[in-house]
Amino acid sequence: MAWIVLVASGVLEAVWATALGRAEGFTKLVPSLVFLVALVMSMAGLSYAVKSLPTGTAYAVWVGIGASLTVVYGMLSGTEPVSVAKVLLIAGLIACVVGLKLVHDAG
């Protein structure tokens, strides 16, 4: 269950990061509220996950998922430039997240 919550928290990290960019210094109400709710939920999920997963692994997975999804969303929405190198590096980051899960299960 901790892994499912951790992945969901990583997705919420991407939500709050994207909302933060759209909040324009917290001058826009809806993105600011989305940021705040997603941030609290993301942190609560990470907190839950570290009760049963090593903190370093959980944090790396959380950040990896959040960063990857934030960049992918930016590329798909046109706000982030797309390049072959960037796509390969994001794929590598996702592979590392999967690898951490596999290593944890084997240990």
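Descriptive notes on the structure:
- Filtered residue count, region 68-88, keeping only those that are over 21 Å from A19 (Cβ atoms) and among the aliphatic types (A, V, I, L, M): 5
- Candidate set from region 49-71 (those that are surrounded by fewer than 20 Cβ atoms within 10 Å (Cβ to Cβ) and small (G, A, S)); member that is farthest from M1 (Cα to Cα): A67
- Selection of first residues in region 49-75 that are outside any helix (DSSP H, G or I) and of second residues that are surrounded by 17 or more Cβ atoms within 10 Å (Cβ to Cβ), restricted to Cβ pairs under 6 Å at least 6 apart or on distinct chains, gives the following pairs, ordered by first then second residue: V50/A58.
- Number of the condition not met by L29 [criteria: (1) at negative phi; (2) in contact with a helix residue (DSSP H, G or I) (Cβ under 7 Å, 6 or more places away or on another chain)]: (2)
- Just one of (1) surrounded by fewer than 17 Cβ atoms within 10 Å (Cβ to Cβ); (2) of a type in the set (A, V, I, L, M, F, W, C); (3) over 15 Å from the mean Cα position of the chain (by Cα) fails for A23. It is (1).
Read-outs: derived from the displayed coordinates by stated rules, not from any lab. All values derive from a computational prediction rather than experimental measurement. Cβ sites come from the backbone with ideal geometry, for glycine too, and all protein chains shown count toward neighbours.
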